[in-house]
């Protein structure tokens, strides 16, 4: 089986979000995904919770699109496990191409080699918190 190629996963993620393709996004993840997301829930466990969160997110966009860009991608692989980390920028873009708002976060993936190829088994996204105001820092 081929080695884990994080760049393929980052590009597939970017395209799925841009196209609001929930099933395409979910295809990157294992059915037993555990996600520590920035928004709302402390943890999302399993394909059902992950599908619902992504369906709600992408379905809430109205006429906006979300453009995702990844920087400083780092990867590792050891046998049947691999990982990647990056800084992600998420931009809400109007139909006219105007950036309406944006935020950045830190992303880490753990992937495992499965019978049907590499799948993300854990995703962790985060943002730092300002120690004085306790507010999220949404831009580097």
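What follows draws every value from the coordinates through simple rules; no lab data is involved. For clarity, every value in this text was computed on a predicted model and none was experimentally measured. Methodologically, a virtual Cβ is constructed for each residue, glycine included, from the backbone with ideal geometry; neighbour enumeration extends over all protein chains shown.
Would it be correct to say that residue 50 is surrounded by 16 or more Cβ atoms within 10 Å (Cβ to Cβ) and without any contact (Cβ under 8 Å) to a residue 24 or more places away in the chain? No, not satisfied.
To keep it simple, each residue is scored yes or no on (1) within 27 Å of residue 137 (Cα to Cα); (2) in a loop (DSSP other than H, G, I, E, B).
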site	(1), (2)
8	no, no
30	no, no
49	yes, no
63	yes, yes
91	yes, no
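Scanning the range 65-89 for residues that are surrounded by 11 or more Cβ atoms within 10 Å (Cβ to Cβ) and not in a strand (DSSP E or B) returns a single hit, 80.
Is it fair to say residue 112 is under 16 Å from residue 28 (Cα atoms), assigned to a strand (DSSP E or B) and in contact with a helix residue (DSSP H, G or I) (Cβ under 8 Å, 6 or more places away or on another chain)? No: the conditions fail for residue 112.
Condition first: surrounded by 15 or more Cβ atoms within 10 Å (Cβ to Cβ), in contact with a strand residue (DSSP E or B) (Cβ under 7 Å, 6 or more places away or on another chain) and closer than 23 Å to residue 60 by Cβ. Now tell me which residues in the range 14-33 satisfy that. Matches in the range 14-33: 14, 17, 28, 29, 33.
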